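The values are calculated or read from the model by the stated rules, or taken from the named source; none is laboratory data. Everything quoted here is computed from the prediction, not taken from an experiment. Neighbour counts are summed over all protein chains in view; Cβ atoms, including those assigned to glycine, are modelled from backbone coordinates with ideal geometry. Please note that ligands, DNA and RNA were not included when accessible areas were found on the heavy atoms of the full protein model with its side chains. Shrake-Rupley method; radii C 1.70, N 1.55, O 1.52, S 1.80 Å.
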Amino acid sequence: MPQENLLAEVKDHVGVLTFNRPEKGNSLTPEMLIRVHTTLEEWAKGSDVRCVLFTGGQGKSFCSGYDISAIPTSVSKEEESLLKENNPVELAFRTIKNFPYPTLAAWNGYCFGAALNLSVCCDMRVSVDDTKFGMPPAKLGVVYHAEGLQQFVEALGMSVTRELFMTAATYRALEAKEMGVVSRLYPREIFHGEVAKLAQSIAGNAPIALKNNKAVLNMLAGGVVLTSEEKALAEQLQAEGFASEDLKEGQAAFLEKRKPVFKGR
């Protein structure tokens, strides 16, 4: 993977990860997700990075979601092993959620699908005031994985999670604020400066307090836990969705820019 697809920089205790595929709406590839995982794992070994900031750079897309057409082309042997043994989406998001210091998703633009899931795995989310976001699996005939749904429920609550996944609607920035998906909205002209200030204010706090408070908060957030039987059933239901005719119709309609005709089979 060209390193430019994901830029990593550390400055004044803030680690910045920038999605950098503007020609593809900053969509996520397996290699980018593996790189997110390995970068955070490296940063977690020390205490220099005390806040992680995710951004889509200067364009109008934070991230348009997961690029299902992306195929890994140049990964290390270690990364190749990770890809074989783990779903890169679940691996990266789990690593974000469990990073020892605060994480912040800064929506400089559109945020859809897997990018929204990535965002709810962060501790905080802020946005420009002219963006759009949504969770489209139901429009595509996709049954979402249980761990991802659990991450939404923990971050946003059951009611908001149900609305996002059942409507599959596209929402505007103000609705994100009203629903509690993001905590702050900024005009585009001051967005990057305000985000930098927020990240610096977080990173400037006492490291032990940041780390230990997050650890306890993560424990408290883990109230929604599936039993092994429930997890097996959830995986069965997901597999049923992937094998359905509705999935093929949803994907075809998306590519053909038309309304899908679902038949429930």
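Search segment 171-209 for residues being hydroxyl-bearing (Ser, Thr, Tyr) and either surrounded by 17 or more Cβ atoms within 10 Å (Cβ to Cβ) or under 21 Å from the mean Cα position of the chain (by Cα) (or both), and hand back the single one that is nearest to Ser64 (Cα to Cα). Working first, answer last.
So the first thing to find is which residues in segment 171-209 are hydroxyl-bearing (Ser, Thr, Tyr), and the list is 171, 183, 186, 201.
Retained after the next criterion (residues that are either surrounded by 17 or more Cβ atoms within 10 Å (Cβ to Cβ) or under 21 Å from the mean Cα position of the chain (by Cα) (or both)): 171, 183, 186.
Working: Tyr171: 14, Ser183: 20, Tyr186: 20 Å.
Checked segment 171-209; the qualifying residue nearest to Ser64 (Cα to Cα) is Tyr171.
If Trp43 satisfies every condition in (1) modelled with pLDDT of 95 or more; (2) surrounded by fewer than 19 Cβ atoms within 10 Å (Cβ to Cβ) but one, which is the exception?
(2)
Based on what the data block shows, is Val160 over 13 Å from the mean Cα position of the chain (by Cα) and among the β-branched types (Val, Ile, Thr)?
For Val160, the condition - over 13 Å from the mean Cα position of the chain (by Cα) and among the β-branched types (Val, Ile, Thr) - is met.
With the checklist (1) in contact (Cβ under 8 Å) with a residue 24 or more places away in the chain; (2) out of contact with any strand residue (DSSP E or B) (no Cβ under 6 Å at 6 or more places or on another chain); (3) not polar (S, T, N, Q) in hand, flag the one item Ile190 doesn't pass.
(1)
Condition test on Pro137, is it open to solvent by 20 Å² or more (accessible area, probe 1.4 Å) and either under 21 Å from Ala243 (Cα atoms) or out of contact with any Cys (no Cβ under 7 Å at 6 or more places or on another chain) (or both)?
On the way: open to solvent by 20 Å² or more (accessible area, probe 1.4 Å): no; either under 21 Å from Ala243 (Cα atoms) or out of contact with any Cys (no Cβ under 7 Å at 6 or more places or on another chain) (or both): yes.
Judged against the criteria, Pro137 is not a match.
Could you figure out which of (1) at pLDDT 95 or above; (2) more than 26 Å from Lys211 (Cβ to Cβ); (3) open to solvent by 40 Å² or more (accessible area, probe 1.4 Å) isn't true of Gly109?
It fails just one condition, (3).
Restricting the search to segment 31-56, which residues are part of a loop (DSSP other than H, G, I, E, B), under 21 Å from Trp107 (Cα atoms) and either over 16 Å from the mean Cα position of the chain (by Cα) or charged (D, E, K, R) (or both)?
Residues of segment 31-56 that are part of a loop (DSSP other than H, G, I, E, B), as a first pass: 45-50, 56.
Okay, now just the ones that are also under 21 Å from Trp107 (Cα atoms), so 49-50, 56.
Within segment 31-56, Val49, Arg50 meet the criteria.
Consider only pairs whose beta carbons are under 7 Å apart and that are at least six residues apart or on different chains; among these, list those whose first residue lies in segment 149-162 and is buried (at least 19 other Cβ atoms within 10 Å of the Cβ) and whose second residue is aromatic (Phe, Trp, Tyr) and in a helix (DSSP H, G or I).
If the second residue must be aromatic (Phe, Trp, Tyr) and in a helix (DSSP H, G or I), the pairs left are Gln151/Phe93; Thr161/Phe152.
Using the structure shown, decide if Val142 is farther than 14 Å from Ala176 by Cβ, β-branched (Val, Ile, Thr) and in a loop (DSSP other than H, G, I, E, B). Step through it out loud before you land on a result.
On the way: farther than 14 Å from Ala176 by Cβ: yes; β-branched (Val, Ile, Thr): yes; in a loop (DSSP other than H, G, I, E, B): yes.
When the stated conditions are applied, Val142 passes them.
Please work out which residue is most open to solvent (accessible area, probe 1.4 Å), limiting yourself to segment 62-76 and to residues that are part of a loop (DSSP other than H, G, I, E, B) and at pLDDT 75 or above. Before you say what the answer is, go through the steps one by one.
First, pick out the residues of segment 62-76 that are part of a loop (DSSP other than H, G, I, E, B): 64-65, 67-76.
Filter again for at pLDDT 75 or above, leaving 64-65, 67.
Values: Ser64: 58, Gly65: 3, Asp67: 21 Å².
Here the residue is Ser64.
Can you find a residue in segment 11-30 that is assigned to a helix (DSSP H, G or I) and open to solvent by less than 20 Å² (accessible area, probe 1.4 Å)? Don't jump to the end; show me each part of the working.
So in segment 11-30, the residues assigned to a helix (DSSP H, G or I) come out as 22-24, 30.
Now drop any that are not open to solvent by less than 20 Å² (accessible area, probe 1.4 Å), which leaves 30.
So far as segment 11-30 goes, yes, one or more of its residues are assigned to a helix (DSSP H, G or I) and open to solvent by less than 20 Å² (accessible area, probe 1.4 Å).
Report yes if Ser127 is surrounded by 23 or more Cβ atoms within 10 Å (Cβ to Cβ), out of contact with any helix residue (DSSP H, G or I) (no Cβ under 8 Å at 6 or more places or on another chain) and at pLDDT 95 or above, otherwise no.
On the way: surrounded by 23 or more Cβ atoms within 10 Å (Cβ to Cβ): yes; out of contact with any helix residue (DSSP H, G or I) (no Cβ under 8 Å at 6 or more places or on another chain): no; at pLDDT 95 or above: yes.
The answer is no for Ser127.
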